[in-house]
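The values are calculated or read from the model by the stated rules, or taken from the named source; none is laboratory data. Remember, it's a predicted structure, so these values are computed and weren't measured experimentally. FYI the Cβ positions are ideal-geometry reconstructions off the backbone, even for glycines, and counts take in every protein chain you see.
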Amino acid sequence: MNARSPRPAIAPPNHRTVLTIMCLAVALPALAGDPYLVGRNPRKQLVLDSRVIQSAAGARLTFGVIAKDPHNPLFRADKPWENALNNLYPNVLYDEQERLFKLWYKCVLNDKDVIAKMDNPTPIHGQGWFLLYATSKDGLTWQKPELGLYKFDGSTRNNAVAQDTPNVGVFKDPHDPDPARRYKMIYDLGHGKMRARFSPDGLRWSEPAVPDGLTDDPGDTHNNAFWDERLGKYVLFSRPVAGGQRTVARFESRDFLHWENGQMVLRSNADEGKARQAYCMPSFPYANVYLGYLMMINAGSDQTVDCELAWSPDSVAWHRVNPGTPFLPRGPKGSYDSSCIYAPAGPPIAQDGNILIVYGGSDAVHKGWKRHCLPALARLRLDGFAGYEPAQAGSSATIVTQPLRATGEPLRVSADAQGGSLRVAVLDAGDFGAAPSIPMARDATDAAVEWTGRDFSALKGKMVRLKFELRGAKLYAFSGLELPATP
C-alpha cells in the first residue's frame, strides 16, 4: 500500500460553484482508472502555501470545484443496529493490495430497546456503541459484510467490528513491522479517557490499551492519527475544550502508546469566539504540506457544521484557507447533507484525475443523538484544493514565487487553463533568460512547461523565482523546485 505521486490527468472544467455531476460518464459504476493513494511529495508546491508565494497581483485564492456524485447518499441506515449514525466520523481507505475501498463508521445505539439487543454492552454517555464496517470495489456500491464478530439480537450476522468504542479513528499502518499491529484504532470514552487498539486486518481487534501522555483532556471528537514519514512519528489530532470552547489539539508518539508534545494547534479566531468553534480536523500529508478538513460548528446560531480547509508546513502551525468559507459546502435545504458535513480521516485517494472524498452528510443539525449522517462521495481535481486566478473576469493575474531551488527535474504545473492561458517566466536565472514559456491553454495536472530552445532542468541547484501570468486560468500547484533548507 505504498503511496504514489499523482498521475498526470486532465482536470474538470474550472467553475466556481459547487457542481453535482449528472453526466453519464460520472454515473457509471465502473470508472476507467484504478484508484491509488496520494502520498507526500516534498518537491510539489501547492500555491495555497504562503511560504512559496512572494506576491500575487490582481489575483485571488479560491477553492477548487467540489463535484458531488448523483448516487449520494451512497447507502442508507437500513440495518436494525444502525440506530443512529451520529456524525458518521468516516475512516476511509483504498487498500491497493486488496483493490478494495474500506470504510469504518460510527454508530450510536440510542433507543433503550435497541441497546438491550447488544451483547453485554458498556453504555458510555448512556448510549450503546458499534464501530461498523463496509466495503466497495468502485467507491459507489457498498456492502455491509456479515462478519460474525459481535452479537445483536442474538445473531452475529452484522457488520460490527468493535463495541463500546466512541469517536473512533482507524488507519492502516504499513510502517509497523508487527503484522498484528497493521491497523490501529484510537478512540475515547469521554474527555481524557483515550484508548488504543490494534488489529492484523482491521476487523479483529486487540483488547483496549490505555495510552499515556494524552493531556489537556482530549477526546469527544473524530480522533484521527497517521504515521508521519517526515517526522518518523505518529501524529494524533483530537479535541480539548479550553474555556468552554472546542479547539484542535495535536500529539505525537513513536509507538502509538506513549504520547508527548501535546498542544492546542487551532481554534476559532477572535471575531468568531464561541459562536463558531473548531469541531474536529481529520488531517493528512499532501505535496509539501499537511492539509486538514476543518469542521466548524456554528454553535452560536443554527448548530450546523461546515467543512473548511486548513494547511500547515509542519502539522503544528495551522492556517485556515479563506476562513468562514466552506471548502466542501453543505447542500441546499432539504438535501441529505443540508445541515452538517463531516469529512473523512485517511490518506487521500485519487482516481481518473480526481481526489475522492467520502464524507458524512446530515440533514439534521448538531443537536442530540442525530439519527442518520450518511456516506456521500465528492470529487476534486488533483491538487485542486485551492488556486490563484484573476481577481476579475477578463483581467490577468501575476504570481511571483519566493526564491526556490531547482531540482533538475522539469517544471510541471497543475492548472485549469482551458479557454485561457498560463505562461511562466524564470527570474534570477542568468543565461536562461526571463522570456516567458510557451503558453499553456488546457486543463492539466503535472504538465511539463516548455520553452523554445531552453531546458529548465539545466538550472539544477540554482535559486530562482517563477513569475506566472494567468489569463482566464487558475494555478493550483507546481513542481521541479523545492524550498531551501532552513537552519
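A few points about this structure:
- Considering Gly394, Gly419, the condition of being more than 28 Å from the chain's Cα centre (by Cα), surrounded by fewer than 24 Cβ atoms within 10 Å (Cβ to Cβ) and modelled with pLDDT of 95 or more is satisfied by Gly419 alone.
- Candidate set from region 222-246 (those that are among the aliphatic types (A, V, I, L, M) and within 16 Å of Tyr183 (Cα to Cα)); member that is nearest to the chain's Cα centre (by Cα): Ala225
- Verdict on Phe226 being assigned to a loop (DSSP other than H, G, I, E, B) and among the aromatic types (Phe, Trp, Tyr): no
- From Arg442, Arg454, residue being among the charged types (D, E, K, R), under 26 Å from Lys68 (Cβ atoms), assigned to a loop (DSSP other than H, G, I, E, B) and assigned by TED's automatic domain parsing to the domain that holds Gln45: Arg442
- Any hit, region 57-70, residues being without any contact (Cβ under 8 Å) to a residue 60 or more places away in the chain and either more than 23 Å from Cys373 (Cα to Cα) or part of a loop (DSSP other than H, G, I, E, B) (or both): yes
- Residue match in region 251-273 (condition: outside any strand (DSSP E or B), more than 15 Å from His175 (Cβ to Cβ) and β-branched (Val, Ile, Thr)): no
- Any chance Val358 is at pLDDT 95 or above and outside any loop (DSSP other than H, G, I, E, B): yes
- Ala448 meets each of the listed conditions (1) surrounded by 21 or more Cβ atoms within 10 Å (Cβ to Cβ); (2) closer than 25 Å to Asn354 by Cβ; (3) among the hydrophobic types (A, V, I, L, M, F, W, C) apart from (1).
- Wholly enclosed strands (runs of 3 or more DSSP E) of region 82-154 bearing at least 1 residues in contact with a helix residue (DSSP H, G or I) (Cβ under 8 Å, 6 or more places away or on another chain): 100-109, 128-136
For every residue, the table says whether it meets (1) basic (Lys, Arg); (2) buried (at least 23 other Cβ atoms within 10 Å of the Cβ).
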residue	(1), (2)
Trp81	no, no
Leu88	no, yes
Glu96	no, no
Arg99	yes, no
Lys102	yes, no
Lys106	yes, yes
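- Some residue of region 303-325 being at pLDDT 95 or above and more than 21 Å from the chain's Cα centre (by Cα): yes
- Selection within region 269-286 - over 13 Å from Val248 (Cβ atoms) and either in contact with a Phe, Trp or Tyr (Cβ under 9 Å, 6 or more places away or on another chain) or aromatic (Phe, Trp, Tyr) (or both): Phe284, Pro285, Tyr286
- Matching residues, region 452-480, being among the polar types (S, T, N, Q) and either touching a residue at least 40 places away in the same chain (Cβ under 8 Å) or within 18 Å of Glu389 (Cα to Cα) (or both): Ser457, Ser479
- Cβ pairs under 8 Å, 6+ apart, first in region 255-267 and assigned by TED's automatic domain parsing to the domain that holds Asp314, second surrounded by fewer than 13 Cβ atoms within 10 Å (Cβ to Cβ) and of a type in the set (Asp, Glu): Leu257/Asp212; His258/Asp212; Trp259/Asp212
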